[in-house]
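Heads up: the structure comes next, in structure tokens.
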């Protein structure tokens, strides 16, 4: 078992190295300094900026230095002031730098990460929970009424729902739920935009994006879970259970659900990294300062260090979650372990 | 080769599925429209930027409000009036062409003479409206209608189907025909879908087949390659790749879109084909081919790959949908289609309009897209049912 | 294995055979077992652990044994459809002419010999490419080897189809339009297309209904006479083998335990395993006493075969010495030998 985990980890290393390589290459295709400073920058400013980021060094050097920053978790660091008494009296000195953002003065990637993770999670985690619950229930119902009207209705709705762009849901959702509803009820139930921390504020700011996210994901998930259920229901042990005389409901909830859990949980686990990243579109539209929005902002403001680091971190989280998923799958399915 | 394909069991099963055939019919219609536009019929790119009417005109089944009607009137009257009143009246007047609706009067003085009294009526009605007295006065509505009838006589009727349909779905905030833009977006969407899906499936099949068949180093490299690409969240990958082209010579063309999509979408077919080829490789007819003395390349190309065509079709249709939906998102973020209308561009522009209750642009884009995507969803489901029963 | 030891009887080979079409010496096929983080090679699955035999021209040698004994692997390794781990396969196409070790050839040279050595598979469903019409399945080989083209190709395909008992119109149909027995006939036609001298029949009738089996076996026998073929007939059922074989080799866990003529095996089986196999063959004679030998236990895993004689764990006659050393081949006659401690040579 441990050899399996170790082997997976070892194999992920060249993959991560490749990701970083790809990322760094892509971001340097357009000169990041020129992109940031614009066309009218002076020669000295250009050079200064370039050196401050180390972009004047050869690519290989930059590559290894970046890896070093990743491995030492430098992206978590927050500017730390230390007041030291000097001859003039009281000059603040920055002790640890972290990686500074270009467009946001004085802020580091660490700060951005720390501040944006909670807003992202407060949308993605509840969305995942809702989607999971509702989809599984619908899938069970579909499998139960398989072939009959409720099943067909649900599946047709799923396909219809899948054919509309995510954006359209967001736009209409915002319009109807936030705007119109507020007018009709004459109170601000759903915030049209924005975010404030705190559990009390959650429903106001986050519930709508969560609902939209749930509705969109439900189409795909329901179909997947239903397929899993259907496949399970065809298995011999179910037929045996029926022959033994179990009621259909008991079969469904006890036998099928248990065995269907494995592919379901595997799939849920594979969506873990997206939990942290947050939905870029939702955050952009509802003006929620989460990770996705941070990434988007950094791309549009040509904030090179932040973009580079955020994507590298996301990719790292993604790889870790893939390994976790595989490990979980190996735990559950002994056939995988032996290979 | 086609004859062999059509005889297979899967195709017969597919044909029997009536819903799938309807979907195929719908897709064919879209493809036909695409071809016509590609050859220059129906509507050309420049025409989608022309003004065809007033701003934010509503479509055919919505009843415009009084305020809207007054605004439209103002446009139609002012359009001619300011042209006739300009420094080059004849030229300006002659240049007016609302997609086939030309001024009926060519003499500037005649235009001014006709419209002056109309302005008076217009001003009165506007005053009434602003004083909230419009509904009180029983005369106001008939007067408005009369005014509209008068204004209508100032323009010729458009000829041809396109001309008459131009206003069917209303206009956007710059007076451009929503119908024409939505129609043209079909061309863009199908173009992007076809190019990206074809190339992605081609790349994915070649790499996946080679990886599974030749094994060893080749397999390790290709698996490493797609693990790398798939570790970056797909939207982020699209964005980073598209952003690469900002400021380059290709900005504004569809090249960034094609590149971003192909480099992201090749992964799925690669995985699927690789899995299938690994399965097929062990089958006995492959061994028989070796026994007969065929070289490995020939076996891969002639024996194995043809048995994956059903998966290629399925992936093609799934990627087509993916490309259309991803284009909407990219265009929304200003990284996708730039210099021509597309559904993504329309939706982006529509976000402002929705707030004021104007749904025509977003509605048109959504519906046109919905039909195509739905058809492909139905088709790919049917394809999977017919050819790959173990799918999810 | 040295030629002297080989000839001296230290093997299972039939010594009366001179000028064999094909001589297999000490064929080995191991599959590596990898364990640990770096997938280190810790052991082997010894699927085929050193078998030797000779096949005459125009004769059928049957290779019989339970599932998992390695006979299918042996057949495929012989044709280099799997990479051999050891041993040699000496092929002598011209009578009394030069021989060539097939395992020593480069891939390109081997392809030249492939037309001589063909194979018919067990699974009639998996052995034909579902996307190709029959004409292509059979004809492609001819085209690639440059033996026929165009109309001549069509004729040849039709000829072959008719020779195996199908109608020439079958040319344009697809595999799924035929029954299992018919598909095997197509497989046979494909194997015949290149005018081979030697065909490995890998459980070629095992997947067919009993009545069809008889037809196919008869067909094979006719073809053998007409085209001067040699067969290596792999099967797990002795009764199937009786009609077709000239000689039989019995395999157990990667090794040949007994070899002899059909008569030797059926009338004078010496090895306990062979005897058990024979007793399982149903005989339509109610007066015969039922003296079936039922073997205890399961087939041991080829990853970890028992010490000494591999069969001892299930042998009803096992003694202590059977666990100590692997038995040598005892030569019971010029044609008949078996590897068992308990046999006394007849001569």
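Throughout, read-outs are computed from the coordinates displayed, never taken from laboratory work. Since we're looking at a predicted model, the values are computed, not measured. Virtual Cβ from ideal backbone geometry, glycine too; neighbours counted across all protein chains shown.
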Legend entry - Per-q log10 I(q)/I(0), the stretch C:206-347, q = 0.11, 0.12, 0.15, 0.21 Å⁻¹ (Debye; single scatterer per alpha-carbon; no solvent): -0.48, -0.57, -0.86, -1.37
Inset, instruction - Report the relative contact order of chain B, percent, no decimals, based on alpha-carbon pairs under 8 angstrom and at least 6 residues apart. - result: 22
Legend entry - Cβ-derived FRET efficiency at R0 30 Å, residue C:323 paired with residue C:237, nearest 0.05: 0.50
Legend entry - Global form of the stretch B:61-159, assessed from the alpha-carbon gyration tensor, a/c cut-off 1.5: prolate
Legend entry - Largest-first principal axis extents of the Cα set of chain C (Å): 68, 56, 50
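Quick one: if the Förster radius is 41 Å, what FRET efficiency do residue C:168 and residue C:19 give, using the C-beta to C-beta distance and rounding to 0.05? Present the calculation step by step, with values, prior to reporting the outcome.
Working: r = 38 Å, r/R0 = 0.93.
Efficiency, from the Cβ-Cβ distance: 0.60.
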Inset, instruction - Per DSSP H run of at least 4 residues, take -39500 (n - 2.57); add these up for the protein assembly as shown, divide by its residues and hand me the 222 nm value, nearest 500 deg cm²/dmol. - result: -18000 deg cm²/dmol
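Shape of the stretch B:235-308 from its Cα gyration tensor (a ≥ b ≥ c, root eigenvalues): rounded if a/c is under 1.5, otherwise prolate when a/b > b/c, or oblate?
prolate
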Legend entry - Rounded to 5, percent antiparallel among DSSP beta bridges of the protein assembly as shown: 70
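Express the C-alpha Rg of the stretch C:1-147 as a ratio against the empirical globular expectation 2.2 N^0.38 Å, rounded to two decimals.
Expressed relative to 2.2 N^0.38 Å, the Cα Rg reads 1.21.
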Inset, instruction - Using Cα pairs closer than 8 Å and at least 6 residues apart in sequence, work out the relative contact order for the stretch A:113-301, in percent. - result: 36
Legend entry - Averaged over A:154-163, number of beta-carbon atoms from partner chains that fall within 10 Å: 3
Inset, instruction - For the stretch A:113-301, restrict the atom set to alpha-carbon positions and state the Rg and Dmax in Å. - result: 19.4, 66
Inset, instruction - Take B:130, A:44 and order them by how many other Cβ atoms sit within 10 Å, fewest up front. - result: A:44, B:130
Inset, instruction - Give me the Kirkwood hydrodynamic radius of chain A, using the inverse of the mean 1/r over all pairs of distinct Cα atoms, in Å to one decimal. - result: 23.7
Legend entry - Cα centroid of the stretch B:253-313 to Cα centroid of the stretch A:10-62, whole Å: 37
Legend entry - Coarse-grained scattering of chain B at q = 0.11, 0.13 Å⁻¹, given as base-10 log I(q)/I(0) from a Debye sum over alpha-carbon atoms: -0.89, -1.10
Inset, instruction - Tell me the label-point distance for the pair residue B:90, residue B:67, using the 7 Å Cα-to-Cβ offset, in nm and rounded to one decimal. - result: 4.3
Inset, instruction - Of all alpha-carbon pairs in the stretch C:64-209, indicate the percentage at a distance above 19 angstrom. - result: 57
Inset, instruction - Could I have the simple spin-label model distance between residue A:181 and residue A:57, label points 7 Å from Cα toward Cβ, reported in nm to one decimal? - result: 5.2
Legend entry - Set of the stretch C:181-219 residues, backbone N closer than 18 Å to the point 7 Å along the Cα-Cβ line of residue C:152: C:193-196
Legend entry - Quarter of the Cα convex hull surface for the protein assembly as shown, i.e. its orientation-mean projected area (nm²): 64.4
Inset, instruction - Would you look at the GNM of chain B, springs on alpha carbons closer than 10 Å, and say which of B:365, B:202, B:182 moves the most? - result: B:202
Legend entry - Alpha carbon centroid spacing (whole Å) that separates the stretch A:106-169 from the stretch B:358-384: 20
Inset, instruction - Report, to the nearest 10°, how far helix C:150-163 tilts away from the longest principal axis of the Cα atoms in chain C, using its own Cα long axis and a range of 0 to 90°. - result: 50
Inset, instruction - Apply 1/(1 + (r/R0)^6) to the Cβ-Cβ distance of residue A:73 and residue A:46, taking R0 = 22 Å, and write down the FRET efficiency to the nearest 0.05. - result: 0.10
Inset, instruction - Would you mind checking the tilt of helix A:304-332 against the longest principal axis of the Cα atoms of chain A, expressed as 0 to 90 degrees and rounded to 10? - result: 30
Legend entry - On Cα atoms only, tilt of C:134-144 relative to the major axis of chain C in degrees: 90
Inset, instruction - Provide the descending list of Cα extents for the stretch B:160-253 along its principal axes, expressed in whole angstroms. - result: 63, 30, 24
Inset, instruction - Counting only C-alpha contacts under 8 Å and six or more residues apart, can you give the relative contact order of the stretch C:276-342 as a whole percent? - result: 21
Inset, instruction - Quick one: grab the alpha carbon gyration tensor of the stretch B:17-102, order the square roots of its eigenvalues as a ≥ b ≥ c, and give me rounded if a/c is under 1.5, else prolate or oblate depending on whether a/b is larger than b/c. - result: oblate
